[in-house]
Amino acid sequence: MGIFECRTRESSPKRRKICKNSMKTEIDTSSRVLGSKGLIRKHEFVRIIIQCLLSLGFAKSASCLESESGISCKSKEFEVIESEILNSKWDECIKFLNGIKELSDETRSSALFLVIRQYIMECLSHGDDSTALAFLQKRVSALKLGTEKVHNLALDMLIYKDTSFIETNGDVYELRKKLLVELENLLPPPITLPEKRLEHLVETTVSSQIDSCLYHNVSGAVSIYEDHCCGRDQIPNETLQILTAHENEVWFVQFSYSGEYLASSSRDCTAIIWKVVDDGKFTVKHALQSHQKAISFVAWSPDDTMLLTCGNVEVVKLWDVETGVCKRTFGDHGFIVSSCAWFPDSKKLVCGSSDPEKGICMWDCEGNELRAWRGARMPKVLDLAVTSDGNHLITVFSDKDIRVLNVVTNAEHVISEEHPITSLSVSADGKFFIVNLNSQEIHLWDVEGKWRKPLKYTGHKQNQYVIRSCFGGFNSSFIASGSENSEVYIWNRREPEPIAILSGHLMTVNSVSWNPKNPHMLASASDDHTVRVWGPAKSKADKALVNESF
């Protein structure tokens, strides 16, 4: 049957008769299957296609498919329920719902409640209080609705007794249509279809393909014309620029939250703020010179207006990003700083000390101590981080232990590792964290403490030095880490072995940072005095433009 013939019949008075006759073929087609494995029933497939056409607004096309296939989007059961409700056959509708054997007791009770409520409210709107009350008293108990639902019906009667149900809620026909929508969402397949079933099936398949794609690193829609599979060019794998402004080993590197800046710190006692310009190149914005010792750590405020620098066995300094001016110094020369972090409001910061007597201090930006964790039982702090919601303070102490403290409730749990921990990094969503161990493993833990065992990543080299790793890429799907063998390693979070190894540095790679706004940009800091910026492979013409700068 062609589309033109279908449309002719649709406008014909015989339309209903044709559809009724064609419905008889559903039994014949129901046994047919589709697909090479024979797993898809043809009549179910056609039915959800019709539903999809209707949801997309293609009502005529849906009607044609129903007529040509002999398959209706609505099941025969639901067509009966719809007819009885629209024609005020309430007793028949209740009897029919009670007769559907496939319904669970809970679903049947909920469906009956919706129908009975509509009937009672319509009675009240017509002033027929006695009929509504008699129905509630004599028949509802026999339907086994449950005490709570009966109480709700009685409450509805009291609410609408002195008001016009129709005037308050709209036209009777529209209210009945609304009831049918509620029932459609309540009743199970095959009586009704779950909403947007075809879209859900396709989206589930696409999501599964994305989840199995080791290199997926983009947001948004993907093509469904073919099975989804990204290539290695979706992750950083080639040097785009080498930053050479430091005069000694570069120990730490971190992108700002906006991805517009990069900060690096070095054994040369300086920290540099780099500006990411429009073409993806980096230029020096400020060289921060005030520390007397090597700078081992930096931390961006979440609003990107301030930067903290931690001197190695020295003080913490707060810098204005726009002007490059040092605004404040925290602690004194007796405060041996190991790491620092910001709370999400950019108004509070926390610093940890490797001196047990100093512990952990929380300050505001004016230098006022707000809170402290110290005392005889407080071990030395090696590293710390704050989750993006500000609720958890995660600390590495006594070499092998991790304390996760809820700063709101003071609840805490401790995770003990078998080998010394050198660094800590938290995911952007604040749900996970990773730690580098000198056993040449990276462990991934959940912040809530539900996991008994971590996910483990191996392949990089780490025995002697502090090596730092990070989350990155689209949806923090990847982990990157430095290595003592002068290479950068990248893992997909679902795989224990690296999916990429980046070569270029000449000495140990101490730290890595993934641009939070550009999932294809990664930076690494090395003992070879350089910072390398990595990105997807470029064409041969583009490669010729990659030059060392600064």
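Quick notes on this structure:
- Within the accessible area of the chain (1.4 Å probe), percent carbon and sulfur: 50
- With Cα atoms, 0 to 90° folded angle of helix 172-186 axis to the chain main axis: 60
- Pairs beyond 25 Å (Cα-Cα), from Lys358/Lys400; Lys42/Lys95; Lys293/Lys456; Lys275/Lys517: Lys42/Lys95; Lys293/Lys456
- Across the range 312-329, computed HN-Hα scalar couplings (Karplus, 6.51 cos²θ - 1.76 cosθ + 1.60, θ = phi - 60°) run 6, 6, 8, 8, 10, 10, 10, 10, 7, 5, 6, 9, x, 8, 6, 8, 6, 10 Hz from first to last residue, x flagging Gly and Pro.
- Cα gyration tensor shape for the chain, rounded if a/c is under 1.5, else prolate or oblate: prolate
- Our summary gives the chain a relative contact order of 10 percent, counting only alpha carbon pairs under 8 angstrom and 6 or more residues apart.
- Prolate/oblate/rounded label for the range 237-548 (Cα gyration tensor, a/c 1.5): oblate
- Distant-in-sequence amide H partners of Ser339 (H built 1.01 Å from N, under 5 Å): Gly352
- The calculated FRET efficiency for Phe96 paired with Arg117, based on their beta-carbon distance and R0 = 25 Å, is about 0.90.
- If you plug the beta carbon distance of Ile499 and Tyr465 into 1/(1 + (r/R0)^6) with R0 = 22 Å, you get a FRET efficiency near 0.40.
- Averaged per residue, the chain has 50 square angstrom of accessible surface, using a 1.4 angstrom probe with ligands and nucleic acids left out.
- Amide H to amide H, with H built 1.01 Å from N, His529 comes under 5 Å of Val250, counting only residues 5 or more places away or on other chains.
- Residue-wise HN-Hα couplings along the range 393-399, as the Karplus relation 6.51 cos²θ - 1.76 cosθ + 1.60 with θ = phi - 60° gives them from phi, are 10, 10, 10, 9, 9, 6, 6 Hz; Gly and Pro carry x.
- Overall form of the range 370-462 per C-alpha gyration tensor (a/c, 1.5; a/b vs b/c): oblate
- Estimated distance in nm for a label pair at Ala537 and Asp279, the labels positioned 7 Å out from Cα along Cα-to-Cβ: 2.4
- Only DSSP H runs of four or more residues enter the estimate; each adds -39500 (n - 2.57), and after division by the residues of the chain the mean residue ellipticity at 222 nm equals -8500 deg cm²/dmol.
- Across the range 223-229, coupling constants 3J(HN,Hα) worked out from phi with the 6.51/-1.76/1.60 Karplus curve, θ = phi - 60°, read 5, 9, 5, 8, 4, 7, 7 Hz, and Gly and Pro carry x.
- Amide H contacts of Lys327: Leu318, Trp319, Asp320, each under 5 Å away and 5 or more positions distant or on a separate chain (H built 1.01 Å from N in the peptide plane; Pro and chain starts excluded).
- Applying 1/(1 + (r/R0)^6) with R0 = 22 Å to the Cβ-Cβ distance of Val202 and Lys76 gives a FRET efficiency near 0.20.
The values are calculated or read from the model by the stated rules, or taken from the named source; none is laboratory data. These figures come from a predicted structure and were not determined experimentally. Cβ: placed from backbone, ideal geometry, glycine included. Neighbour counts: every protein chain shown. These area figures cover heavy atoms from the full protein model, side chains too; ligands, DNA and RNA do not enter into them. Shrake-Rupley method; radii C 1.70, N 1.55, O 1.52, S 1.80 Å.
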